[in-house]
1. Going through the DSSP H helices of chain A, which span 20 Å or more along their own axis at the Cα atoms while scoring at least -1.0 as a mean Kyte-Doolittle hydropathy?
2. Count the net charge of all other residues whose Cβ sits under 9 Å from the Cβ of B:A124, scoring Lys and Arg as +1 and Asp and Glu as -1.
3. Taking the Cβ of B:F178 as the center, what net charge do the other residues with Cβ under 12 Å away carry, scoring Lys and Arg +1 and Asp and Glu -1?
4. Using alpha-carbon pairs under 8 Å, 6+ residues apart, how would you state the relative contact order of segment C:71-350 in percent?
5. Tell me which aspartates and glutamates have Cα within less than 12 Å of A:K76's Cα, excluding those fewer than 8 residues away on the same chain?
6. Between A:F77 and C:L136, what FRET efficiency follows from the Cβ-Cβ distance if R0 is 60 Å, with the result rounded to 0.05?
7. Under a GNM of chain C (C-alpha, springs under 10 Å), which listed residue has the highest mean-square fluctuation: C:T94, C:T319, C:T15?
8. Once a ≥ b ≥ c are taken as the square roots of the eigenvalues of the Cα gyration tensor of chain C, is the result rounded (a/c under 1.5), prolate (a/b larger than b/c) or oblate (a/b not larger than b/c)?
Amino acid sequence: MTASPLAPPAVRAKARPLGRRADARSRRWRWFAPTMLVAVLVLVVVSVLFGDNFRISPSDLLHWLTGQSGVDPLAKFGINTRLPRALLAVLVGAALAVAGALLQALTRNPLASPDIIGVSQGVVAAVLVFSVIFPNMPYAYVDWIQPICGTVGGIGTAAVIHLATRKLGSAESTQFILIGILVGGILTSLSSLALLFLGSDATRVFGFMSGSLNLKGWSDLRLAAAYLVPGLVLLVLALPRANALQLGDDVALGLGQRLGRDRLLVLGASVLLTAGAVTVVGALSFVGLMAPHMVRRMVGSDLRRLVPASALMGAVIVLVADLAARNIQPQRYLSGLGDAIGFAYLPTGLYLAVLGVPFMISLIWRRS
Amino acid sequence: MANPMTQSDTTDPAAAHPALHARSVSVGYESRTVCQGIDLAIEPGTVTCLIGPNGSGKSTFLKGCARLLDLKGGEVYIEGTAMADLSSIEVARRLAVLPQSPTTPPDLTVRELVEQGRYPHVGALRMLRHQDGEAVAAALEATGMSAFTDRDVDALSGGERQRAWIALALAQETPTLFLDEPTTYLDISYQLEVMHLVQELNTTRGITIVMVLHDLNQAAAYSDRVVCLRQGAIVADGTPAEVLTVDLLRDVFRIEASVIPDPRSGKPVFFPHQPLGAEPNLP
Amino acid sequence: MTTPHLPATETRRGTGRLLLLGAAGLGLVLVVGCWYLLKGDPDISLSELGRSLFGGHTHDNGAYLVREVRLPRLLLALIAGAALGLAGTVLQYTLKNPIADPGILGMSQAAAFVVALSVLFPGLMPRLVLPVVCILAGLATSAILVVLAKSIRDPVRLLLVGVVIASLGATLTSATIVLLPIDRAVGLGQFFGFTAGTVASASWSRIGLILPWLVVAVPAALLSGRALNLLQLGDDMAIGRGMRVTRARALLLTCACLLVAPVVAVVGPISFVALLSPHVAKVVLRTSNAHLVLPASAVVGAVVMLLADTAGRLLFFPTEIPAGIWTIVVVGPLAVVLARRSVGRTSMEAS
C-alpha cells in the first residue's frame, strides 16, 4: 500500500473525454431554452396587441417596427404604452427569478426568495418613507433619487439580516430566512404606515406595495435596465461561486472558496437584481420563488442552466400576470355590486399572488 | 511506537517534505479549544487513519489541517509550504477534502457535481462553461461512476453517492485526499465499496490518504498507519498492529476486547466483550 | 428543552419571578395609567380624577372625559395587549416557531381584510357581527395551518405557509381599496388610521364587543400550559405521552384566533406585541415553562400596549400617533434582537 509518492495523478486512466452531451438533461435543454424564448416573444406581441379595451392589428405593429409611416395614431399610442410595459415585465420577471434562484442556492433552502426574506419589502419601504419625508419633490428629482433610495433600502435590509445572523452558528440558512421573514414583516408594516401620510395617493401606494406595471413607459424601462446592469455584472461573478456554495460550506471551502466574501457576492448579486426591479415596479411577490421551482425539474439545480431558465420562466410568469391585469376589468364581473366598484385595474401583483399562493402552499406541502 | 517521519536530507526533493505536517496545531470552535498542540507528519503515498472516541477531536483536527476551521495555534505545512502562505485555491490544488455527510442539492447530476471539482484549477469565470475535460472523465472512471454520469445524485444508493463525492474530490487532481468519516451511515456493503475504492486510489495512483474512521476494524484493515486521539491529544501512533492493542481498547475506548490477526490479511481485528464504564478520574 | 416536569426549586423560583413581574407590571400600570388619565387635552387634576372614578354621579367635563373617553381607552389597551401577549405565546409554542405572530401568520391580515370590506361597504354587516366574521376569517387561516401541520414537520415551512397567507390577505385588502370609487374614498382616511392599529376610538361599547370572546379565550389560554409544554417537545414525544396532537393544535389555534380576531376587529392589526411578549417573559422569568410564560406574556403585552398608546397620545402632544406605529417602529426591532437567540436554536432542531 505504500506506493512510491507520485506527482499529481501521473496515471490517468484512458477515459474517453465526455463528448457532446447526449444525456437527457442536455437534450431537454436544447428544446426547452428556445421554446421559452419563443414563448416570451409571443407573449410580448400578444401583450401589445391586446388590452385597454382596444386591439391593435398585427399589421400596424409590423409597420411600426419596420419604421414605416402611415401607422394609425391610436395604434402608435397603444404600442408606445404597451410595448415598454411588456418589455419591462420581461426584465423585471427575469431579474426577480434569477435573484430567487441565487438565494435558494445561497441558503440551500428551496423556499427562499427576495420577497420572503424581506429585501423587496425593504426597497418598497425605503421608497415610501422617502415619499413621505419629501412629499413635494419635483418629478425630475424623483426620477433618479427614488431608485437610489430603493436600492439603498434593499442593500440595507440585506445587510441587517446578514449581520443579525452571521454569528448564530452553523445552521445559518434557516436563521437567515426566519430573521428575513421577521424583518420583512416589520418593513411591510412600515410601508402601510406610509398610507397614513400618502392616503390621497392610495392607489399608487398600494400598487407599489403589491407590484404594478401601470403607467410604466419607456423611461421606466430605461431606468430598470440601467439599474439592473450592476446586478448583471455581479451575477456573472456570483454564479460559479453560488454553484459551489450550494454543495455545502465545507465542500465550498475545500474547493478553495472564501466563504465570507463569496456569500456576500451572491447575496449582493441577488439584492441588486431585486432592487433594480422592485424600485421601478414595486414588490412583485412569488416570481423569485415560482420560476426556479417550475424549471428545476427540467434543467436541474446547476445554476449555469437554472439561472437562464429561471430568467425566461420569470419573464413568462410576469407577462402572463400583466396580461391578465391589463385585460381583466373587475368592474365588469363584479357589476352585481352596482356602482360600488370604481374604474380601476387591479395591480399585477394581485394576479401574481392569486397564482402564487396556491402554488407555494402546494410546494411547501409536497416537499415535506 | 514508530513515528515514521522522513529525515529531510534525502536526495529526492519531492520526498523530502511530508505530504502534510502539522506543527503544534491547536484547533477548536469559538468557545472552546478541542485539540492542543498536536504534532503530526503524514508521509506521501501512505494511508493514515485517525481514530478516537467521540469528542476526541479527530474530525476537528482533520478540519483544522484542511483549513476548514481556523487554527487557534500552530502551523500546517502542505508539501513543505506553510498553508498560511498559500491562498485557499492554491491549497485546494494540493488537498481535496470529503466532509462528513455531505448534502446534495436535488436535481443535480453526477457529472454536474464532479465538474465542481475543477474550480481550483480553472477559476470562477471559466467555471461558467461546462467542464468536459479529461480530469472529470478520469475521476468518474476511477470511481466506477462513468455509467452514472447523467443520473441525479440523490437518486443513487448510499455507496454510489459517496463514490460520486469522491469523484468530485478526485477531479481536483490533488496528491492528497482527506476523508471525514466516509463510511458512517452507509450499509455495510457500501462501506466496503468505499474503503476498497480508497485503497485502490492509494495503490494505483499514489494518492496520500488521511481519513477519520469510526470503525476500528476498518481502520486496521485499510491503513498503513493509525493515529489515536483522546481529548484532543495523540495517545498512540503507529501501524495498526502496534496501536490496536487490548490495552488501548481498554484505556481509550473503555471496552474489554480481544485482538486477533485476520486470517486473510494478517491485520489485527478486535472482538469487543464488554463495556468498562467511564474512567474513574480523567485529567 | 425544558420538560413539563421541572424540579421543584426551579418552578418555585420561576413562580417567584412571575409574581415579581406581576407586581412590577401592576405598579407600572397604576403609575402610567394614572398619568395617562390625567394628561391630555385638557389636563385634569388628581382630585377630579378621584371624583370621576369613585365619586358617583358627577356630570362635569372632567368626569366625562375620564369615564367615557380615557378610561375605556386605557382598559382597551390593557386588554388588547394582554390578549395579544397570550396569543403570541400560544402560537409560538403550538407551532414551535419563535417568530410566530398573528401578523406573520396571516391571522391579522385576514381579520383586517374583513374590516376593510365592512368599512368600505358600510351596509355590508352590522357592527355586532363584525368580530364574528373576523374570527371566521382568522379561523380559516388557522385551519389551513392545522391541516398542513400534520404533514409539515419543519416549523420554518409551516411559518412560510402563514407568510404566504398573510401576503394574500394584504393583497386582497389592497385590491379592495384600489377598486373603491372615488366618492367612497371618504372613509379611507379613517381606515388607514385603523390599519396602523389604534385604540383611539375606544368606547365601552367596543370593549363590550370583544369581552365575550375574551372571557372564553383568556382562561382557555391560561390553562393550556400543559399542552403547550408537551407540544414543545415535538409531535412524536407528545403523541407518546398520550396527546391527540392535531386536535390539540386545532383547539389551541382556535383559542389564539379568539384572542386575536376580536382585538383586530376593534383596534386594528397591532404588529409584534404578540411576538415580543413571550420572549420578554422568557428573559425575565428565565424559564420556558408555558405555565409561567403565559400569564407573564399577558402582563408584558398589556404593559407594552399601554406604553405604546401613552407614547402615541402624549409624547408628541398635541399630535396623536397611533399606538400601532410605536409597535412597528420600536417593538419590531426589539423583537428581532430578542428572537435572534431562539431562532438559532430552532434551526438546529429543524435541520
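Readers should treat all values here as calculations from the given coordinates under stated rules, not as data from a laboratory. Just so it is clear, the model here is predicted, and its values are computed rather than measured. Ideal geometry is used to build each Cβ from the backbone, glycine not excepted, and the neighbour counts take in all protein chains shown.
1. Those that clear 20 Å and a mean of -1.0 are A:24-49, A:73-107, A:119-133, A:139-165, A:172-198, A:218-245, A:259-281, A:303-327, A:348-366.
2. Surrounding charge for B:A124 is +1.
3. +1
4. Once divided by the residue count of segment C:71-350, the mean separation gives 36 percent.
5. Straight-distance partners of A:K76: A:D60.
6. Values: r = 47 Å, r/R0 = 0.79.
The computed FRET efficiency comes out at 0.80.
7. Checking each option, the largest mean-square fluctuation is seen for C:T319.
8. Since a/c reaches 1.5 but b/c is at least a/b, the shape of chain C is classed as oblate.
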